[in-house]
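**Q** Would you mind keeping the following structure in view while I ask a few things?
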Amino acid sequence: MAEKLKVLFVASEGVPFAKTGGLADVAGTLPYALMELGVEVKVLLPYYGAVKQGKIPTAPVAENLEVPLLEPLSYPFDLMAPTSPDYPFWFVARDEFYDRSQLYGTPKGDYFDNLQRFAFFSAAVLPACRAMDFKPDVIHCHDWQTSLVPVYLKNHWAWEGLKAGTKTILTIHNLAYQGLFARNKFYLLGLDLSLFGIDGLEYYNQINLLKGGIIGADAITTVSPRYAQEIQTPEFGCGLEGVLRNRTADLYGILNGVDYQDWSPETDKLLPAHFSRDDLKGKAADKAALMEAFGLNKKLAKAPTLAMISRLADQKGFDLMAQVLPQLMALDLTVVILGTGDERYHRWLAAEAPKYKGKLGVMVAFDNKLAHLIEAGADMFLMPSRFEPCGLNQIYSMKYGTIPIVRATGGLADTVTPVGSPTEPGTGFVFSDYTPEAFLKAIHTALEAYKDQQLWQRIMANAMSQDFSWKKSAQKYLELYKQLV
């Protein structure tokens, strides 16, 4: 029998242990889909405060492991793992780096030592592999936080006993976040100064970790086919479009999947009522619970409820939302918003919510249970993103019959078929121009459709019939792993 392909995921977050965004969903669910295809997968994460204090017990597997290379950061660390064998996760524990209230920073800004924190995490991969007795065929890295892994593999670990021929893949979940740091900190990386140059980690006289990963990895993927094309253009390339065009032969767009075990209205454990495409009765009960949770006016129960669950940031279209909110609040509808992010949007929502009591419900928090209730109880879901590498909430929304209103960019364009499409049944409402006028027009079009409940139920049925499970995407990753190995 052929030996199983061995893959190590290295990520800075993963459900159910630590999450700020879609990366966590991918790192926490794709490994299981790959295991079903016969791949042996382990996932390495930092041992954050959220993991230490979480509901899943963990215990040390190895202690006082040495990190090679990083002379100024050559601290020992412990390797932790869940006590239950159901989780293929391992954790790099070094309390002064990871035992904090947040993963990357506070609403006021990033932690000052993020370069050290994630350089250390990347360098810990080699001793962690030894302690796990795991020689991966492929190390699958995610975003700037782990972009040093391919750099270390090529420049050091070939001589450190890691399996010859180990390949690296870097998945870019969001190109806007690149890991930029002052050049005078380069000595912290344990790399030769020759790697700080135009063909290395230098970017306008700063360190750019993501650039190093793009150059060093054997293959690069993004989380949707359209985004893979977009990031090679000046509009979406965030200054790295030239570097990405140089790697275009090794750049693949593979759409994220979702875990319908967690995100299905038929089985969702976090909902007061279940429903399905063929029996929608429970959706009304979920909407009533949603309105109750946000203190919305019950007289508006038959009016549409529009929702956003998002990082509060310009990228997610909150500048557009701020411009259209007064017009929306003048209409016969309710709006709920859940998320955390930029301080100025926290302040904006705190000022707006009291003005529209009973019509606008706001929760500045990360609340998974409430997120599920919103997906189930709302009628429409707003994603007016400036850019969107993949997006998961539009996919969750469709499964719950909550019709997405999205901008035609990245994964939103790849997953939502416009209502009125001549070739396919529509699953949502789509606009192209990044303007408040275009966004508002798409909302008005959806509101008109909502008035015709027969039409609306057809759109809901179309949306709820879509299948974005991990099976197809995992198969594509497996083909890429095999191609590399």
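**Q** Which is more than 18 Å from the chain's Cα centre (by Cα) and touching a residue at least 40 places away in the same chain (Cβ under 8 Å), of Met383, Met363?
**A** Met363
**Q** Go through region 404-417 and count every residue that is crowded, with 21+ Cβ neighbours inside 10 Å and either assigned by TED's automatic domain parsing to the domain that holds Thr221 or of a type in the set (A, V, I, L, M) (or both).
**A** Number satisfying all stated conditions: 5.
**Q** Within the set of pairs 6+ apart or on separate chains, which have a first residue in region 300-313 that is within 15 Å of His346 (Cβ to Cβ), a second that is surrounded by 22 or more Cβ atoms within 10 Å (Cβ to Cβ), and C-beta atoms under 6 Å apart?
**A** Correct list of pairs: Met308/Ile337; Met308/Leu382; Ser310/Lys316; Ser310/Gly339; Arg311/Gly339; Leu312/Phe318; Leu312/Gly339; Leu312/Tyr345.
**Q** For the list (1) buried (at least 22 other Cβ atoms within 10 Å of the Cβ); (2) in contact with a helix residue (DSSP H, G or I) (Cβ under 6 Å, 6 or more places away or on another chain); (3) of a type outside the set (Val, Ile, Thr); (4) under 18 Å from Asp218 (Cα atoms), I need the number of the one condition that Lys154 fails.
**A** Condition (1) is where Lys154 drops out.
**Q** Condition check: free of Cβ contacts under 8 Å to residues at least 60 places away in the same chain and outside any helix (DSSP H, G or I). Does Ala351 satisfy that?
**A** Answer is no for this residue.
**Q** Has region 184-207 got at least one residue that is surrounded by 23 or more Cβ atoms within 10 Å (Cβ to Cβ), among the aliphatic types (A, V, I, L, M), within 21 Å of Phe89 (Cα to Cα) and not assigned by TED's automatic domain parsing to the domain that holds Asp414?
**A** Scanning region 184-207 turns up no residue that is surrounded by 23 or more Cβ atoms within 10 Å (Cβ to Cβ), among the aliphatic types (A, V, I, L, M), within 21 Å of Phe89 (Cα to Cα) and not assigned by TED's automatic domain parsing to the domain that holds Asp414.
**Q** Quick one: which helices (runs of 4 or more DSSP H) lie wholly within region 165-279 and hold at least 1 residues that are of a type in the set (S, T, N, Q)?
**A** Here the list reads 225-230, 241-246.
**Q** Any residue that is free of Cβ contacts under 8 Å to residues at least 60 places away in the same chain, closer than 21 Å to His142 by Cα and either in contact with a Gly (Cβ under 9 Å, 6 or more places away or on another chain) or assigned by TED's automatic domain parsing to the domain that holds Ser101 (or both) - is there at least one of those in region 53-60?
**A** Taking every residue of region 53-60 in turn, none turns out to be free of Cβ contacts under 8 Å to residues at least 60 places away in the same chain, closer than 21 Å to His142 by Cα and either in contact with a Gly (Cβ under 9 Å, 6 or more places away or on another chain) or assigned by TED's automatic domain parsing to the domain that holds Ser101 (or both).
**Q** Within region 244-274, take every residue that is surrounded by 15 or more Cβ atoms within 10 Å (Cβ to Cβ) and hydroxyl-bearing (Ser, Thr, Tyr) and give me the one that is farthest from Ala289 (Cα to Cα).
**A** Checking each candidate, the answer is Tyr252.
**Q** Right, next: In region 310-333, is there at least one residue being closer than 26 Å to Gly282 by Cα, of a type outside the set (D, E, K, R), within 16 Å of the chain's Cα centre (by Cα) and not assigned by TED's automatic domain parsing to the domain that holds Thr20?
**A** yes
**Q** Looking at region 312-323, which of the residues that are of a type in the set (D, E, K, R) and surrounded by fewer than 18 Cβ atoms within 10 Å (Cβ to Cβ) is farthest from Lys441 (Cα to Cα)?
**A** Asp314
**Q** From Thr233, Thr166, grab the single residue that is modelled with pLDDT under 95 and on the phi < 0 side of the Ramachandran plot.
**A** Thr166
**Q** Under 9 Å between Cβ atoms, at least 6 apart or on separate chains: pull out the pairs that start in region 131-149 with a residue that is in the same structural domain as Gln116 (by TED's automatic domain parsing) and end on any residue that is among the acidic types (Asp, Glu) and part of a strand (DSSP E or B).
**A** Pairs found: Phe134/Glu40; Pro136/Glu40.
Rundown of residues vs (1) assigned by TED's automatic domain parsing to the domain that holds Ile395; (2) in contact with an Asp or Glu (Cβ under 9 Å, 6 or more places away or on another chain); (3) closer than 26 Å to Lys369 by Cβ; (4) not polar (S, T, N, Q), yes/no style:
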| site | (1), (2), (3), (4) |
| --- | --- |
| Asp268 | no, yes, yes, yes |
| Ser276 | no, yes, yes, no |
| Met291 | yes, no, yes, yes |
| Ala301 | yes, no, yes, yes |
| Val336 | yes, no, yes, yes |
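**Q** Another question, then. Is it the case, given these coordinates, that Leu23 is at pLDDT 95 or above and buried (at least 22 other Cβ atoms within 10 Å of the Cβ)?
**A** On the way: at pLDDT 95 or above: no; buried (at least 22 other Cβ atoms within 10 Å of the Cβ): yes.
Answer is no for this residue.
**Q** Give region 418-467 a look and list any residue that's surrounded by fewer than 13 Cβ atoms within 10 Å (Cβ to Cβ), hydroxyl-bearing (Ser, Thr, Tyr) and at pLDDT 95 or above, or say none.
**A** Correct list: Ser432, Ser465.
**Q** Here's something else I'd like to know. What pairs come out if I take residues in region 165-194 that are within 20 Å of Leu73 (Cα to Cα) and pair them with residues that are of a type in the set (A, V, I, L, M) and in a strand (DSSP E or B) whose C-beta lies under 9 Å away, six or more apart or interchain?
**A** The qualifying pairs are Gly179/Ile207; Leu180/Ile207; Phe181/Ile207; Ala182/Ile207; Arg183/Ile207; Lys185/Ile207; Phe186/Ile207; Leu189/Ile207.
**Q** Here are some conditions: (1) surrounded by 23 or more Cβ atoms within 10 Å (Cβ to Cβ); (2) modelled with pLDDT of 95 or more. Gly391 meets all but one. Which one does it not meet?
**A** Of the numbered conditions (1) surrounded by 23 or more Cβ atoms within 10 Å (Cβ to Cβ); (2) modelled with pLDDT of 95 or more, the odd one out for Gly391 is (2).
The values are calculated or read from the model by the stated rules, or taken from the named source; none is laboratory data. Because the structure is a prediction, the values reported are computed rather than measured. Cβ coordinates were reconstructed from backbone atoms using ideal geometry, including for glycine residues, and neighbour counts include every protein chain displayed.
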